[in-house]
Each structure stands twice: as C-alpha cells, then as structure tokens.
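The values are calculated or read from the model by the stated rules, or taken from the named source; none is laboratory data. Given the structure is predicted, the values throughout are model-derived calculations rather than measurements. Neighbour counts run over all protein chains shown; Cβ positions are idealised from the backbone, glycine included. Just so you know, the surface numbers come from the protein's heavy atoms only, side chains and all, with ligands and any DNA or RNA stripped out. Shrake-Rupley method; radii C 1.70, N 1.55, O 1.52, S 1.80 Å.
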There are 2 protein chains.
Amino acid sequence: MPLLVVGSVALDSVETPTEARDDVLGGSAVFFSYAASYFTSVRLVGVVGEDWPHEHTQLLQGRQVDTRGLQVVPGAKTFRWKGKYLPNMNDRETLEVHLNVFGQFDPVLPEAYRACPFVFLANGSPRLQLKVLDQVPGARLAVADTMDLWIREERDELAELLRRIDGIVLNDSEARLLTDDENLVRAGHKVREMGPKFVVIKKGEHGAMFFSRYETYVMPAYPTEDVVDPTGAGDSFAGGMMGYLAERDDFEPKTLKEAMAYGVLVASFAVEQFSLDRLRQIERGDIELRMEKYRQMLSF
Amino acid sequence: MPLLVVGSVALDSVETPTEARDDVLGGSAVFFSYAASYFTSVRLVGVVGEDWPHEHTQLLQGRQVDTRGLQVVPGAKTFRWKGKYLPNMNDRETLEVHLNVFGQFDPVLPEAYRACPFVFLANGSPRLQLKVLDQVPGARLAVADTMDLWIREERDELAELLRRIDGIVLNDSEARLLTDDENLVRAGHKVREMGPKFVVIKKGEHGAMFFSRYETYVMPAYPTEDVVDPTGAGDSFAGGMMGYLAERDDFEPKTLKEAMAYGVLVASFAVEQFSLDRLRQIERGDIELRMEKYRQMLSF
C-alpha cells in the first residue's frame with residue numbers, strides 16, 4: 001500500500017565530536033521516505049527553496065518515492081538546521097535553525113495522494129498536521145510525530161491531534177514533558193489516554209517502547225559500535241515502522257511488533273554514517289540479515 | 001551449587017521524590033544474597049556492628065543464606081548509607097556515607113566456604129576483592145562488581161582483578177569511566193580486553209548488555225510502572241544472574257543469557273518497594289510468571 005508522509009525537507013549541518021558535515025540532505029520527511037522505501041512506495045509532501053539541489057530529488061525518485069508533492073518555491077531558501085552532538089552522541093544542541101520556506105509551509109496534497117491509506121505526519125506543528133489530516137479523510141492508519149516545541153506552544157492543537165490520530169511517535173523527554181510523569185511506562189499510557197490507539201516512545205540508544213490498551217513492551221536498540229551521526233534516527237525508525245505496516249497492509253498487534261523491530265533496525269543503519277549515506281549503501285536484504293541477528297539476540 | 005558472596009551489609013536511609021525510609025536493611029551482599037536465594041544456597045561474608053538488628057540475620061537464614069561468614073563486631077557500628085533519588089528515579093545523590101565497621105573489613109572466609117565453586121565479589125575495593133580471590137583458589141566462576149570510586153582510586157589493583165576474574169558487572173557510567181569511551185558497545189569490549197571472559201554493563205531502567213568474545217547483546221529492563229526505590233537493583237540483578245548460574249551449575253553462553261534475563265527480572269521486582277520489601281513478597285513462581293511475559297515481550 002502506498003504511504004504518505006508530510007514533513008520537513010532540509011539541509012543539515014552536523015558536528016560530532018570527531019567530524020562535521022555542512023548542508024547535507026536531511027529533514028524528517030526525507031529520512032522517513034528513504035527508510036520506508038525499502039518496504040513500500042512513498043508519497044512525499046514537503047517544500048524547498050530554489051537552492052535545493054535537484055540531485056536530492058532524483059535520489060528519492062530513484063527509490064520508490066513519489067516527489068510530486070515536493071513543492072519548489074522560487075526565490076526562497078530551503079529549511080536549514082545546524083546541530084552539535086555531545087560526546088555521548090545521544091544529546092545534542094541546536095546551533096542554528098533557519099525555517100526559511102518551511103516557515104510558511106501550507107501543504108496542499110496532490111489529488112493523487114488523497115486516497116493514501118497509510119499516513120505519517122512527520123515534524124511540523126499540530127496545526128499543520130491537522131490541516132493535512134483534513135485532506136486524507138479515508139486514511140486507515142494515521143500516525144504523527146511531535147516535538148517539545150509543540151508540546152510547549154501548541155498544546156491545545158496537539159490535544160486535538162491526539163484525539164484524531166491512530167498512533168503517536170515521540171521521544172522519551174517529550175513523553176515526560178507532555179505527561180509531567182518521569183516514569184516512561186506511566187507516561188506512555190498517559191499519552192495513550194489522550195486519544196491514540198498506540199504510543200511509541202523512542203529512547204535513542206536504548207531503543208523504543210510500545211503502548212496500546214493491551215500491550216506494553218520494549219524493543220532494545222540494535223547494539224552498534226559505529227554511531228557516526230544520530231540525526232534522522234527517529235525519522236528513520238518511523239519510516240521503517242510505517243513502511244513495513246504499509247507493505248503488510250495491516251496493523252494488527254503482531255504486525256505492529258514486527259514493524260517496531262524493522263524501525264529499530266533501519267534506524268541502527270541510519271546512524272552509522274552522516275545524512276542518508278549509510279542507508280544508500282544497503283538493500284532490503286541487509287535489513288533482513290540484521291533482523292535475523294536481532295531475533296537471535298532477543299531469544300534465549 | 002553453593003554460591004559465595006562477599007560484600008557490604010548496610011543500613012540504608014533512602015529518600016525518593018515521594019517517600020523516605022530510615023535505617024532499612026541494605027548493602028550489596030544482602031540484596032545479592034536474597035536475590036540469589038530463589039535459585040541456590042548462598043554463603044554470605046560480611047561485617048556488621050552491634051547495632052545490627054538480629055532479625056535481619058534471621059531473615060536471611062530463613063532463606064537459603066548461610067550467615068556463618070557474617071561477622072558481628074562488638075562496640076562497632078554497621079555501615080550506613082544515605083541517598084536521595086532525583087525525580088527520574090535513575091540518578092541519585094549520596095547524602096551520607098559512614099563506613100564504620102566496613103572500613104576495616106578484612107574478610108577471612110570460614111573453612112566451609114573455601115570450596116565454593118561460584119563466587120561473587122560485590123561492592124568492595126579491588127584490593128579486598130583480590131584478598132578474597134586468594135582464599136577461593138578452586139572457584140570455577142568468579143565474577144566481580146566494581147564502582148567509580150575504585151576506578152578512580154585503585155586502578156592498578158582493579159586491572160589486576162580484571163585479569164584474574166571470569167566476569168565483571170558494572171554500570172554504564174563506570175564502563176565509560178574505565179575505558180574513556182562513550183559508546184557502550186565499544187566500552188564493553190574494551191573492558192573485556194582487560195581480562196574477563198565476559199562483561200555485563202547495567203543500564204538501570206534501560207536493562208543490561210552482555211559482551212563476550214563471540215557475543216554482544218542487550219536485554220531490556222522489564223517495563224514497570226512501580227519504581228519505588230531503585231536501591232539494590234544492580235545487586236539484585238547480579239544475585240539473580242549468579243544464582244541461576246549456580247543452580248544450573250554451568251556457564252555456557254546459553255545459560256549465561258538465561259541468567260541475564262533472570263537478573264533483569266529479579267531486579268524488576270526489587271525496585272517495586274523499599275529495601276527487600278518486594279522480594280520478601282515473592283516466590284520463584286512469581287519470577288517464572290514474569291519470565292513468561294518477558295519472553296513474550298521479546299518474541300515477534
């Protein structure tokens with residue numbers, strides 16, 4: 001089944017304790033799309049400026065990513081983010097944010113996208129996410145990401161969003177902020193009580209947790225020595241997870257759990273290089289090989 | 001097979017964001033012994049002062065814990081520790097430490113203990129741990145814990161210890177400190193290269209990692225809403241792990257992995273109340289029930 005994603009498309013500048021990269025391909029919708037493209041065809045909605053290198057669009061088109069929804073605004077600049085990772089490679093500081101054309105992003109979905117059954121609302125304000133949701137009334141599974149900024153500044157809109165979506169993906173500090181509860185198990189269920197059928201809490205190097213009315217579980221991260229750049233790990237996780245659900249065309253508990261594992265594994269590749277560099281080297285078969293090792297790791 | 005443990009026996013005062021307890025039963029060897037007692041008979045070596053409530057000794061004797069090695073020093077006071085947990089319940093501050101009689105602890109093993117095939121060197125200086133090791137020349141599996149204090153202050157002795165033991169259990173921040181590497185996977189293997197056949201890194205609420213020459217894996221913590229007091233979680237983990245190995249009387253890779261899981265589960269109970277309160281309520285069957293749920297959680 002095709003999978004729709006709406007989110008940021010960016011040029012990132014990233015510093016790690018040992019290396020740096022400037023103006024590399026990034027953005028939530030980009031990481032998500034590439035990660036999902038191992039599993040299903042993706043329909044991307046985003047906006048860029050005229051400084052956007054066309055080769056980035058071609059890269060996505062070379063996968064199963066439909067870029068008709070990627071608007072190029074003449075005379076405008078692409079969203080830029082600059083960040084620096086602390087030595088633990090888990091925490092980061094944002095050094096610069098230039099929203100540029102993303103600041104006025106008002107997504108209008110191409111007609112061909114509106115019947116998409118699987119929908120992911122990546123990084124963006126709840127207000128914007130709600131507008132997208134209005135354009136996909138037939139979505140069978142709508143899942144959103146959110147951020148600390150929106151929890152602080154658009155809490156009412158976020159509350160409305162939570163009532164309207166099927167699933168939410170957020171990180172541990174965001175779950176704590178949203179629920180004012182330090183215990184992640186309680187926090188996860190409190191978010192679920194705000195509306196969505198399921199909640200996924202991303203814990204960075206510690207993996208991800210899943211909460212539904214009937215289930216609570218943890219998936220550890222795949223242990224890797226080569227954490228070069230964690231940027232986009234969360235979006236790659238979501239892309240792997242949603243991509244697998246769309247491929248399987250269901251979201252039963254069993255499928256959701258497998259999808260969580262695929263998310264964890266795609267993210268484990270994504271962090272091994274800057275930008276999409278590592279994902280560009282791998283094929284579905286590499287993910288399946290790592291899946292075998294992951295299953296072995298978790299069985300005893 | 002009997003299991004020997006040498007370590008601290010203490011009276012703890014604990015503050016959490018919601019509750020506090022004064023002078024409750026604690027200490028690494030106590031948590032370890034109780035946790036191991038679900039699986040095997042334990043021989044405890046430790047020291048207390050004359051303020052030590054005899055009922056604590058009786059409690060341990062009521063399990064399979066041999067307390068002939070628990071020395072009571074007249075006129076002396078028991079080791080006391082006072083700590084306060086931060087709202088995240090993972091980080092803590094030590095408010096007071098009174099080593100008291102533990103400061104002069106010089107363990108001499110009862111003759112009957114010296115043939116113990118399974119040995120755990122709980123909290124104590126590497127110098128002291130080495131002295132114990134000299135008294136159990138026939139140990140088939142010797143595993144030690146260590147602490148940031150010893151990594152900073154007795155690094156040479158710790159290096160010697162690492163060359164002489166089979167396994168080491170330490171927490172994430174200690175592994176980073178010991179290896180000067182922020183990546184836990186690399187840190188785990190670096191510790192292993194210092195001597196022990198296997199290394200276990202405890203990650204608190206995120207579970208534990210295992211490293212041997214041939215294996216690297218992660219076991220997530222059992223997700224619980226009821227984290228009341230994390231004191232002793234690491235020692236309970238080690239007790240569950242070593243207790244199971246002693247029960248099974250082997251330490252093949254497969255058994256070690258099961259032992260890791262038992263460690264995770266016993267620790268998940270231990271944190272649900274202060275001191276040993278939760279462990280005192282459960283039986284082996286409760287651990288097995290949780291094991292079934294844990295296996296289910298990790299299979300997909």
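What about A:Val169, is it more than 22 Å from A:Asp91 (Cβ to Cβ) and touching a residue at least 60 places away in the same chain (Cβ under 8 Å)? Explain how you work it out, then say what you get.
Details: more than 22 Å from A:Asp91 (Cβ to Cβ): no; touching a residue at least 60 places away in the same chain (Cβ under 8 Å): yes.
Against the criterion (more than 22 Å from A:Asp91 (Cβ to Cβ) and touching a residue at least 60 places away in the same chain (Cβ under 8 Å)), A:Val169 does not qualify.
Please state which one of B:Pro107, B:Pro53 is of a type outside the set (Ser, Thr, Tyr) and touching a strand residue (DSSP E or B) at 6+ places or on another chain (Cβ under 7 Å). Don't jump to the end; show me each part of the working.
On the way: B:Pro53 fails: touching a strand residue (DSSP E or B) at 6+ places or on another chain (Cβ under 7 Å).
On inspection, the qualifying residue turns out to be B:Pro107.
If you scan segment A:1-25, which residues turn out to be touching a helix residue (DSSP H, G or I) at 6+ places or on another chain (Cβ under 9 Å), part of a strand (DSSP E or B) and small (Gly, Ala, Ser)?
The answer is A:Ala10, and nothing else.
Looking only at residues that are assigned to a loop (DSSP other than H, G, I, E, B) and within 14 Å of another protein chain (Cβ to nearest Cβ) in segment B:268-300, which one is most open to solvent (accessible area, probe 1.4 Å)? Walk me through how you get there before you give the answer.
Residues of segment B:268-300 that are assigned to a loop (DSSP other than H, G, I, E, B), as a first pass: B:271-278, B:282-283, B:299-300.
Those left that are additionally within 14 Å of another protein chain (Cβ to nearest Cβ): B:271-272, B:299-300.
Working: B:Val271: 17, B:Glu272: 16, B:Ser299: 66, B:Phe300: 48 Å².
Looking at residues that are assigned to a loop (DSSP other than H, G, I, E, B) and within 14 Å of another protein chain (Cβ to nearest Cβ), I get B:Ser299.
More than 14 Å from the chain's Cα centre (by Cα) and at pLDDT below 95: does that describe B:Pro53?
Numbers: more than 14 Å from the chain's Cα centre (by Cα): yes; at pLDDT below 95: no.
When the stated conditions are applied, B:Pro53 does not pass them.
Kindly list the number of the only condition in (1) under 20 Å from the mean Cα position of the chain (by Cα); (2) within 22 Å of B:Val271 (Cα to Cα); (3) of a type outside the set (Lys, Arg) that fails for B:Pro2.
(2) is the only condition that B:Pro2 fails.
Within the bounds of segment B:256-266, is there any residue that is over 17 Å from the mean Cα position of the chain (by Cα), more than 14 Å from every other protein chain (Cβ to nearest Cβ) and either open to solvent by less than 60 Å² (accessible area, probe 1.4 Å) or aliphatic (A, V, I, L, M) (or both)?
Scanning segment B:256-266, I find no residue that is over 17 Å from the mean Cα position of the chain (by Cα), more than 14 Å from every other protein chain (Cβ to nearest Cβ) and either open to solvent by less than 60 Å² (accessible area, probe 1.4 Å) or aliphatic (A, V, I, L, M) (or both), so the answer is no.
When residues of segment A:214-232 are filtered for being under 26 Å from A:Pro117 (Cβ atoms) and touching a helix residue (DSSP H, G or I) at 6+ places or on another chain (Cβ under 7 Å), how many remain? Even if it seems obvious, please write down each step before you answer.
Here is the first cut: in segment A:214-232, the residues under 26 Å from A:Pro117 (Cβ atoms) are A:214-215, A:217, A:219, A:232.
Next, only the ones that are touching a helix residue (DSSP H, G or I) at 6+ places or on another chain (Cβ under 7 Å) stay: A:215, A:217, A:219, A:232.
The number of residues fulfilling the criteria is 4.
Among the residues of segment A:130-141, is any part of a loop (DSSP other than H, G, I, E, B), farther than 30 Å from A:Arg248 by Cβ and open to solvent by 10 Å² or more (accessible area, probe 1.4 Å)?
Initial filter on segment A:130-141 (part of a loop (DSSP other than H, G, I, E, B)): A:135-140.
Restricting the remaining residues to those that are farther than 30 Å from A:Arg248 by Cβ gives none.
The answer is no, given that none of the residues of segment A:130-141 is part of a loop (DSSP other than H, G, I, E, B), farther than 30 Å from A:Arg248 by Cβ and open to solvent by 10 Å² or more (accessible area, probe 1.4 Å).
Does A:Leu245 satisfy the condition of being surrounded by 20 or more Cβ atoms within 10 Å (Cβ to Cβ), closer than 30 Å to A:Met1 by Cα and within 14 Å of chain B (Cβ to nearest Cβ)?
Values: surrounded by 20 or more Cβ atoms within 10 Å (Cβ to Cβ): yes; closer than 30 Å to A:Met1 by Cα: yes; within 14 Å of chain B (Cβ to nearest Cβ): yes.
So A:Leu245 fits the description; yes.
Quick check on my filter: what residues within segment B:74-101 are surrounded by 17 or more Cβ atoms within 10 Å (Cβ to Cβ) and at pLDDT 95 or above?
B:Ala76, B:Lys77, B:Thr78, B:Phe79, B:Arg80, B:Trp81, B:Lys82, B:Gly83, B:Tyr85, B:Asn100, B:Val101
Is there a residue in segment B:80-92 that is within 28 Å of B:Ala259 (Cα to Cα), within 17 Å of the chain's Cα centre (by Cα) and in contact (Cβ under 8 Å) with a residue 60 or more places away in the chain?
So far as segment B:80-92 goes, yes, one or more of its residues are within 28 Å of B:Ala259 (Cα to Cα), within 17 Å of the chain's Cα centre (by Cα) and in contact (Cβ under 8 Å) with a residue 60 or more places away in the chain.
For segment B:1-45, enumerate the residues that are closer than 21 Å to B:Leu141 by Cβ and free of Cβ contacts under 8 Å to residues at least 60 places away in the same chain. Give the derivation first.
Of segment B:1-45, the ones closer than 21 Å to B:Leu141 by Cβ are B:1-7, B:28-29, B:31-45.
The answer is B:Ser41, B:Leu44.
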